[in-house]
Amino acid sequence: MNQRLVHGSVVGARHVVPLRLAAFALAWVLPLQSAGAAQAVQKPCGVVTVAAASDLIYAMNEIAANFEKSTGCALRVTTGSSGNFHSQIENGAPFDVFFSADIAYPKKLETDGLAAAGSTYLYAVGKIVLWVRADSRLDVGKGLAVLRNSSVKKIAIANPQHAPYGRAAEEALRAAGIYDAVKDRLVLGENISQAAQFAESGNADAGILALSLVRSPVLKDKGRSWPIPEKLYQPIQQGAVVLLAARNLQGAQAFLDYIKTPAVAALLERYGFALPAKEKT
Amino acid sequence: MNWEAIALSLKLAMCVAAILLIAGMPIAYWVTFSRWRWKFLIEAIVALPLVLPPTVLGYYILVGLGPRNFPGKLWQSWFGHTLPFTFGGLLVASVLYSLPFAVQPFSAGFETVDRGLIEAAWTLGASRLLTFFRVILPLSAAGAITGVVLSFAHTIGEFGVVLMVGGNIPGVTRTVSIDIYDQAQAGNYDAANSTALALLLFSFLILSIIYGINRRALSLWRKS
């Protein structure tokens, strides 16, 4: 999981430091911290805590920076697998907004009374691609069948058990009729960005990754990809929801409203997401 | 309950404990009896896994030993594959990660042995190897048992490194800790709970048995 802390201070105290020194250090740090807190309160909406599916890891950084600039709010973004966040939120994780890669999770939170009924917003539809590193000899233009090649020893996908992109990858492999041929060569990333990292580091020979990650500055020039036909898998409908237990309900709502603006829609499109909301209007 | 994962974790832990028993003894012996002035550097290296988060080791195995770097290329040319996503990879990671849990108790055990007895054995003509097996090891059996048990237990409990370099392959790298994590993430609390509970009871049982034996070994040693 990656944390991006906008307002945060790290206090490191070695336990070997004599007590007097520690007390001295504390006397310094404490007023500073409370000053920081006071500053945050003055801002229009304080700190908004966001749990985001890992396919958003790069897009969300950009969105967060823009949002902070235009509103003065601070965003604290944690990325991970949607299923994991769902479990954590059910067990009281202190998030304000949840961006899931699978709209079923926020909908489940609605049914369980953790989010307002009918409040889930379909912000994007994700796509998967077959990806190999630039130095790979595989011809991805041939599509998923290229994975049958015996030189492909490991194929990275996200864990289908709790990562929506993993489920889509497995579905596509089954629909293409090669799942049984490759299932022993699958390595499962804890979330889609770990799967991307397995492929990017060369430890896996190929990966079925989120288009949004492949288009990110980090992966853009590092490999070749082939778009997996959308008829091979259920659309990866992504939903965002404000949690009823949000500590900063107002800020959370402001952020979700911001997500609906055309600027964000354009940004998401640039990352390869399809925008159902835009098509409707 | 996922028996495949439990069996895999047991296999991994047993291999790690066996390797560390064999490889850890000479290291511990050297650390205990060497008078080299820079010995503390080696001691620091052995103790590193106590301090480092598992992600550091995981990162180096994944990237440093990955196919894009020289050590990884060398490994690949010898074994035909890279370390991540294999049982061998988990084994290498676990041995490194549990090293201090074996070496430090071994060494602590050796230190309790009376130098006079060791030197007496030498003056009576016993070789260093014979002295080790007939004098030092029997007198420090408690330390040896503790080291083996701790490295076994620590491997069963390993999670971070496996999550980073394992790739979650059933029967190969999906250890019991990963299985519990997956079940919990997927919201299958019943499955997570049954495996977690089994692991909890098993760990308690095996530690109790071995600490019991250890205590008897200690008391025997005190009587003699």
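Bear in mind these aren't lab numbers, they're just calculated from the coordinates by the rules spelled out. All of these numbers come straight from a predicted model, not from anything done at the bench. Because the Cβ atoms are built from the backbone with ideal geometry, glycine has one as well, and the counts that use them run over all protein chains shown.
Toward the positive end of the charge dipole of the protein assembly as shown, with +1 on the Cβ of Lys and Arg and -1 on the Cβ of Asp and Glu, the farthest Cα among A:GLN250, B:LEU201, A:ASN84 is that of B:LEU201. Rounded to the nearest Hz, the phi-derived 3J(HN,Hα) couplings of the stretch B:98-112 under the Karplus curve 6.51 cos²θ - 1.76 cosθ + 1.60 (θ = phi - 60°) are 9, 3, x, 5, 9, 5, 5, x, 4, 5, 4, x, 4, 5, 6, where x marks glycine and proline.
Report the paramagnetic label zone for B:TRP122: residues of the stretch B:9-30 whose backbone N is under 16 Å from a point 7 Å from Cα along the Cα-to-Cβ axis. Flagged as within label range: B:29-30. Taken about its Cα centre, the stretch B:73-169 carries a charge dipole of roughly 220 debye when the Cβ of each Lys and Arg holds +1 and the Cβ of each Asp and Glu holds -1.
Per DSSP H run of at least 4 residues, take -39500 (n - 2.57); add these up for chain B, divide by its residues and hand me the 222 nm value, nearest 500 deg cm²/dmol.
Values: 11 runs with 165 residues, N = 224.
Helix contribution divided over all residues of chain B: -24000 deg cm²/dmol.
The magnitude of the dipole of the stretch B:3-223, with charges of +1 and -1 set on the Cβ of Lys/Arg and Asp/Glu and taken from the Cα centre, is near 760 debye. Each of B:PHE133 and A:ALA245 was given a label point 7 Å from its Cα along the Cα-to-Cβ line. The distance between the two points is 6.1 nm. FRET efficiency for the pair A:ASN66 and A:GLN234, taken as 1/(1 + (r/R0)^6) with r the Cβ-Cβ distance and R0 = 45 Å, rounds to 0.90.
Phi-derived couplings, Karplus 6.51 cos²θ - 1.76 cosθ + 1.60 at θ = phi - 60°, listed residue by residue for the stretch B:39-54: 3, 4, 5, 5, 4, 5, 5, 4, 7, 3, x, 5, 9, 6, x, x Hz, with x used for Gly and Pro.
Each residue of the stretch B:190-200 was assigned a 3J(HN,Hα) from its phi angle through the Karplus curve 6.51 cos²θ - 1.76 cosθ + 1.60 (θ = phi - 60°); the sequence is 5, 5, 4, 5, 5, 5, 4, 5, 4, 5, 4 Hz, with glycine and proline shown as x. Cβ-to-Cβ counts within 10 Å put B:ILE22, B:ILE210, B:ILE136 in ascending order as B:ILE22, B:ILE210, B:ILE136, the fewest first.
For the stretch A:128-227, what is the percent of antiparallel DSSP beta bridges, rounded to the nearest 5?
On the way: 9 of 15 bridges.
Roughly 60 percent of the beta bridges in the stretch A:128-227 run antiparallel, per DSSP.
Under 5 Å from the amide H of A:ALA158 lie the amide H atoms of A:GLY166, A:GLY189, each residue being 5 or more positions distant or on a separate chain, with H modelled from the backbone and absent for Pro and chain starts.
A cut-off of 5 Å between modelled amide H atoms, ignoring neighbours fewer than 5 places along the same chain, links A:THR49 with A:ARG76, A:ASP96, A:VAL97.
Where both partners of a DSSP beta bridge lie in the protein assembly as shown, what percent of those bridges are antiparallel, to the nearest 5? Close to 60 percent.
List A:LYS108, B:LYS11, A:LYS69 from most exposed to least, where exposure is judged by having the fewest other Cβ atoms within 10 Å.
Ascending Cβ contact count within 10 Å gives the list A:LYS69, B:LYS11, A:LYS108.
Net charge dipole, the protein assembly as shown: roughly 1140 debye, given to the nearest 20, about the Cα centre with Cβ charges of +1 for Lys and Arg and -1 for Asp and Glu. Put in order of Cβ neighbour count within 10 Å, fewest first, the listed residues A:LEU114, B:LEU74 become B:LEU74, A:LEU114.
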